[in-house]
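Working notes, beginning with the structure itself.
Every number in this text was worked out from the coordinates using simple rules, so none of it is lab data. Predicted model, so just to flag it, every value in this text is computed and none were measured. Note that each Cβ is placed from the backbone with ideal geometry, even for glycine, and that neighbours are counted across all protein chains shown.
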Amino acid sequence: MQDWQRSVIYQIYPKSFHSHAGNPTGDLLGVVAKLDYLHWLGVDCLWITPFLRSPQRDNGYDISDYYAIDPSYGTMADCELLIAEAGKRGIKLMLDIVVNHTSIEHEWFQQARSSLDNPYRDFYIWRDQPNNWESKFGGSAWEYEAQTGQYFLHLFDHTQADLNWDNPNVRAEVFKMMRFWRDKGVGGFRLDVINLISKPADFPEDNSDGRRFYTDGPNVHDYLQQMHREVFEGHDLINVGEMSSTSLEHCIRYSRPQSKELSMTFNFHHLKVDYPNLQKWIRADFDFLQLKRILSDWQTGMQAGGGWNALFWCNHDQPRVVSRFGHDGEHRVVSAKMLGTALHFLQGTPFVYQGEELGMTNPSFDHIDQYRDVETLNIHRLQRNAGVSDADNMAAIMQKSRDNGRTPMHWNAEPNAGFSVAEPWISVPANAAQINVASQLDDPDSVLHHYRQLIALRRSEALMSDGVYRQLLPEHLQIWAYVREGNGERLLVLNNFYGTACEVELPEQVISPAMTQRLLISNYPDNPPRTRQVFLRPFESLVLHLTDH
């Protein structure tokens, strides 16, 4: 086992984490100020979303200079201090970089748009006529550039131009940049939408949005293997690939050690179970059986193929999980703990997104003026123009917007939740006075202490990393039950995903009076010994270590 296979990674969205300078947005020194908290929590690595120079059209995922810190976050000296101070606490820093596309303000693009024969012209993808591919943010994936009379490809916002990875000069520049940051001391990279970097040369189209042609494209594995040779090989780096609309088979290839590509992969299939007919912008309940089935398929598939999962419920692009798959009212605490337990006992490397360890909820913003996210604002306009009612439009946005996960971190009950003395760039949720770090540090029964216990268990319980996953009761409409087993031992993980109690009967070979029971973790205070007939209270979750006599 590699160290990162027994690690827990904490994701920071620096714009909303903490402002050391007292500005509307967070900064790198704000992260430095909270390192002791993160060390106490027990995390091994920090994934910090992009803080490189950017016009911030897409909150930093539109990079205009790969070698400079965006002034809103601080200076290169601040970054070096963060790397050093985190290292003193045994914490690595994972740099989030975007190499599928750049901002159109990047010097490469400015050169490329200046003339048809500019040396940088082939750094991007141009056509005389667009095909029917659609942007993931809505509308056409092609933007007309008047100065040279051609269209450039942008799979995301029209200010984010896709790089041409078929050009070896692009690859050389990207790898050079990554070595720069490696030598600065970063402990790894999170690679944004990395499986989209290879596009088919003929740009085919059909009656779809085009994603099936460029997802896991024709040369993507070759390019990642080259990246491994030129950047990762011989260095102790964690490399996580964000995979858009990917397949299990490709993720096995990306993450199995013999491929020499990446350490692990993010996939998002389990976070589309509340997309009816794969339509995101419709308010809908989640499909629990589908959620279990997808997560279980990826557990068994990646295990069989030798791949490795990045485990997560939340990130800067997703709603808060306690509002999504739990209960953000009276059962918030127990459901947040249950969701943490259900995820952390899977095989893979768990990621904790800032505030998840507190059970932070969606903010329930009910007016479009409260949102800042470019995708949300675009969808609101497109849906309105398509005749969707304001009520339905806002109901979907309140549930699905990326801004649900981007509100400021709740540090205490002071004004602005202790995030900054200035009015934050986006509003603080009304429940920050009740849900915050300061109040939970002093409460041993809090969500925060539960997450700290989960993180500690990953180091002490080997089965969490290397035990074989086996699902139990796959068709049960309320319970997700599974075991992780090996060498005559097993972890029995039981999770009630609903606010009503129920009783289940487990197979005799899973638990019997002949086995020694040890309770590892639970979200209720009283936990009698369990038998095959298990009664679970609302959102109850527990893990038993079972040993054959």
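Before moving on, here are some points about what is shown:
- Sequence-distant aspartates and glutamates (8 or more away, or on other chains) whose Cα lies within less than 12 Å of Lys136: Asp157, Asp209, Glu375
- Charge dipole magnitude, Cβ of K and R +1, D and E -1 - the chain, Cα centre, debye nearest 20: 900
- Cα centroids of the range 206-254 and the range 488-511: 37 Å apart.
- His235-Ala284 pseudo-label distance in nm [points 7 Å out on the Cα-to-Cβ vector]: 4.2
- Under 5 Å, built H, 5+ apart or other chain: amide partners of Ala68: Arg53
- Look at where the Cα atoms of the range 399-413 and of the range 79-118 average out, and the two centres are 25 Å apart.
- Only DSSP H runs of four or more residues enter the estimate; each adds -39500 (n - 2.57), and after division by the residues of the chain the mean residue ellipticity at 222 nm equals -8000 deg cm²/dmol.
- Between Arg211 and Asn378, the simple spin-label model (points 7 angstrom out along Cα→Cβ) gives 1.3 nm.
- Rounded to the nearest 20 debye, dipole of the range 1-99 from Cβ charges on Lys, Arg, Asp, Glu: 200
- A dipole drawn for the chain from +1 and -1 charges on Cβ atoms has a positive end, and of Gly488, Met398, Thr102 the residue lying farthest that way is Gly488.
- Efficiency of FRET from Cβ geometry, Asp466 and Thr75, R₀ 45 Å, rounded to 0.05: 0.60
- Estimated FRET transfer efficiency (Ile368, Glu423; beta-carbon r; R0 22 Å; 0.05): 0.70
- Rounded to the nearest 20 debye, the dipole size of the range 107-160 about its Cα centre is 60 debye, using +1 on the Cβ of Lys and Arg and -1 on the Cβ of Asp and Glu.
- Couplings 3J(HN,Hα) of the range 374-379, computed from phi: 5, 5, 4, 5, 5, 5 Hz, in residue order, whole Hz [Karplus 6.51 cos²θ - 1.76 cosθ + 1.60, θ = phi - 60°; x for Gly and Pro].
- Sites Glu475 and Gln2, calculated FRET efficiency, Cβ-Cβ separation with R0 41 Å, nearest 0.05: 0.70
- Which listed pairs, of Lys15/Lys260; Lys92/Lys400; Lys15/Lys337; Lys34/Lys88, have C-alpha distances above 22 Å, in listed order: Lys15/Lys260; Lys92/Lys400; Lys15/Lys337
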